[in-house]
Structure formats: C-alpha cells, structure tokens
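Read through the structure below, which is laid out as structure tokens, and then see the notes.
The values are calculated or read from the model by the stated rules, or taken from the named source; none is laboratory data. In this text, all values refer to a predicted model and were calculated from it rather than measured experimentally. Here the Cβ positions follow ideal geometry from the backbone for every residue, glycine too, while neighbour counts run over all protein chains shown. Surface accessibility is based on the protein's heavy atoms, side chains included, excluding ligands, DNA and RNA. Shrake-Rupley method; radii C 1.70, N 1.55, O 1.52, S 1.80 Å.
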Amino acid sequence: SLFSVGYSTCHWCHVMEEESFKNKEIGEILNKNFVCIKVDREERPDVDKVYMTFVQATSGGGGWPMSVWLTPDLKPLAGGTYFPPEDGAHRVGFRTVLLRIAEQWKENKDVLLEHSQKILEALLHRSEIHVQGQDSPPPSKEVMATCFQQLSSSYDKDYGGFSKSPKFPTPVNLNFLFTYWALHQTTPEGAQALQMALHTLKMMARGGIHDHVGQGFHRYSTDQHWHVPHFEKMLYDQGQLAATYSRAFQISGDEFFADVAQDILLYVSRDLSDQAGGFYSAEDADSYPVITSTEKREGAFCVWAAEEIQALLPDLVEGAVEGTTLGDVFMHHYGVKETGNVSPMKDPHQELKGKNVLMVQCSPELTAARFGLEPGQVDALLQEGRQRLATARARRPRPHLDTKMLAAWNGLMISGFAQAGAALAKQEYVRQAAQAAAFLQRHLFDPSSGRLLRSCYRGKDNTVEQSAVPIQGFLEDYVFIIQALFDLYEASLEQGWLQWALQLQHMQDELFWDSGGFAYFSTEAGDSSLLLRLKDDQDGAEPSANSVAVTNLLRAACYSGHKEWVDKAEQILAAYSERLQKMPIALPEMARAAAVFHHTLKQVVICGDPQGEDTKEMLRCVQSIYSPNKVLMLADGDTSGFLYRQLPFLASLERKDGKATAYLCSNFTCSLPVTSAQELRGMLCL
C-alpha cells in the first residue's frame, strides 16, 4: 500500500496533491498497484511517529508530506518526503518511484520483506528509552550548566533565537532560560540567560513572524532576522507563546511583553475560537490573493504592495515635516519598500515579488525623529495605520481554517490563557480558560471510562461533532491537559479542576507507564496497527510529553500528598539520564524539570476567605511573581472540601489575627505565618 501522511496547513502537501494525486496518469498507476491510505498526522501522531522514524533512518531526512510504501501487514518497505511528479536533474519523480516499487514487489518480494524486517529490528533497538544500570536521575546542576552552555553557544547575539535560519520560536528554550535565571539570579550566567530570552522575545515580536496587522504568530521564520515567515499559524505556538510572554512580563515588569501576550490572546479569541469554548488547530499559509484568483499563494492574506499602503494611508500628518503622509510614517517604521522588501533568495517561487512583509525597523523615538514628531504621536499614527490595513485585509479571501479541535493543543492554549490571566491580573482570560476546560470535559472526555479523546470537529450549523469511531487520547493529550488544569487551578483557585487533573494523572499512569524501563510510552498497549511503542525524546516546537509529565507529577504530589508520583518523576529523569547529560539542548524542558525536582517544589498556602480583599491581595502577590518551583493553594477553611481531604496538614494552618495568612511549605513542613503581601514577596523572591 502507499501511505501518505500530511496535515491541513502543510504547504508541500498541497503542492504534491495538485501535482501528483490529481494527475490522471499517476492516479491510474496508484489505483492499479496500491491501496492508498491518507492520514492527518495531527489526528494520529502515533502512526506518523513510527513511520517518520523509519523515513529518517533510511533517507537521512524527514518532513511532510511523508510517503511510505507498506507491506499488507503495515511494515515499511521504502519511504521519502515530497516527490515531484516527473524525474528532474536532482530528484527522482513520483511516477518513476511508483513503477519501480510495483515492479520490485512483483519480482523481488522476499528480498524486500527481509530488508524491511532488518530495518524494523534496528529501529526498535535504537528507539528504546529505558533505565540503564543506574536508576537515579542525573545531577541537575551539571545538566542545567550543560544545557545553558549549549544554548548560549548556538545563540544569535544580533537577532536572538538559537539557529541562523530557519528560526523557530521554540518556547521550550526560553522557559529553560527563565528557570535558569530564577535559580542563578546573582551570577553573570543568570543575567545572561535572562538577557538571551528577553532579547529573543523582543526580536520575534518586532519581526515579520509576528502578524502586526492581524495579531498572533506565524509558525517560523525562513531567515535569520525573523522577517519572512512560513505564514501558517498554529494553535500550539499561540498557547505556548502567550504563556512565555506573560512570564517575561512577570520577570521584567516591561509592559511590552504584556502587550504581546494580549495581542496573541486577541487573535485566538477572534479567529481560532469555537463558540462552544474549544480552540481550532490552525490557519493555512496559502490563500487566494483576490476573490477572482484561480491559484493560492503563500502569504497572500498577509503581505502588502507599497502602493496599497499609500492608497490606504494618504492623510497628511499634522506637525510633521512638510508633505509627510500617514503612509510615509507607516512605511518607514515597518520597512516597506516600493519594490517589495522580500529578498528573492527567500522567495523561490516568486510568490512575494513586489510585496512587503511588515517588520518593525525602528523604535518609535527614531521614527518620530525622522519626521519631526513626538514618540506618543507616532504610536497613535501606527495604530491608526494598522487598523486601516486590518479593515482592508478583511476584504481579502481568508486562508483555510482547520477547525478540528485537538485535546493536547487545547491544553496548551488553556495554559496560555490561565497563565496570562494570573500574571497580567486579567480575569477575562481566566474565564476563557475555564470555558475551554469545560468544553474539554463535555466533548473530549468520557466520564464512564475516565478517558480522554484526541479530537472533535466543528460540524454543520456550528455544532461540535465526533467521528464515528473516536480516536482515543494519546499520552500528550493527558499531559498537556493535566498541565492546563494545574495552571487553571492556580489562576482561578477552583478545586474542581484539581480534582479532574489528579483523576487524569491516575488514568495516564494506568494507560502509558512503562513499569519495566520507566517513563511513559506515547501510545497505549494493545493497538495492533502500531508496529512500535515509542517514547518521545525531544522538546521541539512543542515540549515532549515525558518532559512536562515530570513537572505534572511533582505538582500532583504537592496537591495530593501522593509520594508515589515523586518517585515516578525521578524514574523518568533516570530513564533519560544519558540524553540529559550529553545533549540537554534536545530536552530543555526536561532539563528545567530536573532542576525543579532537585530544588523541591515549595507549597505556597494562603489561608483566607476567598472573597476577602486581604486574601485577594495575597493571591495577586503570588501570581505576579515568577517562581518556577512553587505551587499555589488556597486553604479556604472548608475542611470538608477536596484539598483538605487530600492534605490533612492544611487543617493545622490557621489565619493569624483573623487575617489572610501565607505559609511557605516544603514537603508538608511549613514556615512561620506571614500576613503582609510585602513579607510574602520577600520570601518568594529568595
């Protein structure tokens, strides 16, 4: 069979669809010789991972669209990524490959099968992650130091980020650096870590990867300067970046970062939100430039010709240098050129010729100086310009919206809303996070079995639909939702979310834990269609599930007193020990978790009346401080409630002089009580 894997916003998947799958002659070869199977990798990451491991091992590269030829019992024979339809100077064409494989299957079937079996055995051996000999975690100090070293040596001092090009946002790197800073605040390395993270976030926000007119972030930059992006927008990026920019604001107090977090959440609320409360997966990169266009172009929805901007912004600017229009100020600030600002090197298909990708080129002060204005005036002018461009853009044909709703990505987005709500003290974000969590409970959770489902879909008339045979949740669905529920509890202090998180953690242990080799498998046992049960081994565009699981387990233990979860966290770190010591840059989120494990989570308990102003002030104080190794809980005095039943020690903590009182506890042993937010801040900032 021919097995083709892609996803909705994948540019080259659409190219191959047009060139090959819609080609009559190629279609006939396929139908005559193969059973054709098409899979969305976002729905079935388990299947994708198995065959991608094969393609990477046999071809030295990977990516999508992925084409793999399989035996009737689903073992891979050959594979690759994008194929052009016909042979070229450097690449063999799809038609040739199809004919060769069909012929080989007829002539040399046994040789092919034997070869396939050998590769599978090698893969299984290579992909095993388990405890080897020692069953203790690696020394966290060395892991942190090595990871910091590896990140700082790949850091781009000029433009931020950790590669030359392409450049991905990779929030996992930035979160590692924030934790590193928090644990080494007084050292030069600590200051450097913070500088690297904040500079990267600033450069990204000014770059073309950030949509200055329509808000939110595109997937990655094709160049070193964050200028020309691949234009698709993914939910998982918005969720993680909203949380990361909120943390940057907590640490620096710089409103710039709070503004970017709010910009991301505005985009998601407006363009990626289902009315039932869930979040859609992505918006495509390609769209029709105008309604009458016959072919889509990458970035068409987002880019501008200079004359379009001049025509939209012709007003003369009062008080500026003679003859200055709003268009002049806007074009200067955002680097717009008459001939377009995209280098032909970054535009191989000439889709962006003569067009501009907006990118902040100057500070408001510099732009103001250039036109004889005040910086405050420039901000107002730019805002007016962005607003007019947004109105004009709304008349263009929109890119395709992928309206499937994935449990894991919804989890990441709930964390984004909850963390921003807590850090920026904005209740509306916390409410939106809670609505989305309630959506997951309604549509992606089966209360009778206690299990999560992977996906649901927007149906006709905006109803929420489920497929005839629902896809069961994978490890990442459990992990990202549990993380989201802990974040939502810390933002809302509603105990129901904690209760559900702990219930899901028990289910995750039951379905995925590897009791022999430690850590969690990505998939459940007993799925006959999967050749291998793998464990994730990289924190990339999204953190790997085992990395986040370490912190989840430590948080779960703090809220339940369930010591076995601390043991499991330790065992995951032990299973990944060798990788963490040699190449922690591949696992920055797990390196971060190793430090949290080593320093032991501190329980910050506020005893008080949830409605009391003194309690609210204490809670706001805790929420406004970035401290990677704290968990927050509210002891409201209701001893029959969930938390008091889980944690008997809470009953011994009392309000001092009837005031809201804070205790800092470690391993359920508590400090002396404090009743002023200032004293509490002092304790948390140590």
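Numerical summary
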read-out	value
Where R579 falls short, out of the listed (1) at pLDDT 95 or above; (2) assigned to a helix (DSSP H, G or I); (3) touching a helix residue (DSSP H, G or I) at 6+ places or on another chain (Cβ under 8 Å)	(1)
Flag for F257 being open to solvent by 10 Å² or more (accessible area, probe 1.4 Å) and not in a loop (DSSP other than H, G, I, E, B)	no
Those residues of the range 310-340 which are under 30 Å from H11 (Cβ atoms), free of Cβ contacts under 8 Å to residues at least 60 places away in the same chain and open to solvent by less than 60 Å² (accessible area, probe 1.4 Å), in sequence order	F330, M331, H333, G335, V336, G340
All positions within the range 622-642 that are more than 20 Å from N552 (Cβ to Cβ), open to solvent by 30 Å² or more (accessible area, probe 1.4 Å) and within 26 Å of the chain's Cα centre (by Cα)	S624
Answer residue from the range 555-578, given it is more than 14 Å from H506 (Cβ to Cβ) and among the aliphatic types (A, V, I, L, M) and is most open to solvent (accessible area, probe 1.4 Å) among those	V566
Selected residue [in a helix (DSSP H, G or I), of a type outside the set (D, E, K, R), in the same structural domain as F178 (by the TED database) and in contact with a strand residue (DSSP E or B) (Cβ under 6 Å, 6 or more places away or on another chain)] from L198, L241	L241
One residue from L453, L440, L424 being aliphatic (A, V, I, L, M), closer than 30 Å to K616 by Cα and open to solvent by 20 Å² or more (accessible area, probe 1.4 Å)	L424
Which numbered condition A418 misses (of (1) assigned to a helix (DSSP H, G or I); (2) surrounded by fewer than 17 Cβ atoms within 10 Å (Cβ to Cβ); (3) not acidic (D, E))	(2)
Only one of F231, F249 that is open to solvent by less than 20 Å² (accessible area, probe 1.4 Å) and of a type outside the set (K, R)	F231
Residues satisfying the stated conditions in the range 8-66, i.e. open to solvent by less than 60 Å² (accessible area, probe 1.4 Å), assigned to a loop (DSSP other than H, G, I, E, B), closer than 19 Å to S116 by Cα and out of contact with any helix residue (DSSP H, G or I) (no Cβ under 6 Å at 6 or more places or on another chain)	F34, G61
Failed item, numbered, when K656 is tested on (1) in contact with a Lys or Arg (Cβ under 9 Å, 6 or more places away or on another chain); (2) without any contact (Cβ under 8 Å) to a residue 40 or more places away in the chain; (3) not β-branched (V, I, T)	(1)
